[in-house]
Amino acid sequence: MAEPARWTVRVFVPPVARRGEAIEVRALVGHAMETGFRHDHLGAIVPRDIITVFSCRHAGEEVFRVELSPSIAANPFFSFPARAMESGDFVFSWIDGDGRAQEARAPIVVA
């Protein structure tokens, strides 16, 4: 059985755009982003659990990529411009410090 999704994600891509039009792409990843420096109620260190890489691809090309560090806030929000060149999916992917990956998709129709 596949491992259940560890994080929630909300992505927004305009449903329709003109060819070559600059659009705003947004993503919110629900993740606690534990730094590994905090202690629990018993005094034990809470293990580090962060997203290390977040990227977005469209039409086989990477349009956005960021490498994150422990100082990033919980539930990171990303907003970036992209050019809509053809219809298809924007594919968002992220990887945590243990190498676990997850992805989400948002379609766009280019007229």
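The values are calculated or read from the model by the stated rules, or taken from the named source; none is laboratory data. Please read all numbers here as calculations on a predicted model, not as lab measurements. Heads up, the Cβs are rebuilt from the backbone with ideal geometry, glycines too, and the neighbour counts pull from every protein chain shown.
I50 falls short on exactly one of the conditions (1) within 22 Å of V13 (Cα to Cα); (2) in contact with a Leu (Cβ under 9 Å, 6 or more places away or on another chain); (3) not polar (S, T, N, Q), and that condition is (1). When residues in region 69-111 are screened for being within 13 Å of V13 (Cα to Cα) and of a type outside the set (F, W, Y), 16 of them pass.
Tell me, yes or no, whether region 85-104 has at least one residue that is in a loop (DSSP other than H, G, I, E, B), on the phi < 0 side of the Ramachandran plot and hydrophobic (A, V, I, L, M, F, W, C). Yes: region 85-104 contains one or more residues that are in a loop (DSSP other than H, G, I, E, B), on the phi < 0 side of the Ramachandran plot and hydrophobic (A, V, I, L, M, F, W, C). Scanning region 5-57 for residues that are touching a residue at least 40 places away in the same chain (Cβ under 8 Å), aromatic (F, W, Y) and part of a loop (DSSP other than H, G, I, E, B) turns up just one, W7. Can you name the residue in region 51-78 that is surrounded by fewer than 15 Cβ atoms within 10 Å (Cβ to Cβ) and under 16 Å from G30 (Cβ atoms) and, of all such residues, is modelled with the highest pLDDT? Restricting to residues being surrounded by fewer than 15 Cβ atoms within 10 Å (Cβ to Cβ) and under 16 Å from G30 (Cβ atoms), the top hit is F77.
With respect to (1) part of a strand (DSSP E or B); (2) among the acidic types (D, E); (3) in contact with a Lys or Arg (Cβ under 9 Å, 6 or more places away or on another chain), the lone exception for E62 is condition (3).
Figure legend. Inter-residue proximity from region 59-81: first residues of a type in the set (D, E, K, R), second residues surrounded by 11 or more Cβ atoms within 10 Å (Cβ to Cβ), beta-carbon distance below 7 Å, spacing 6+ or different chains. Indicated pairs: E62/S55; R65/S55; E67/T52; E67/V53. Exactly one residue out of R100, R83 is within 15 Å of the chain's Cα centre (by Cα) and among the basic types (K, R), and it is R100.
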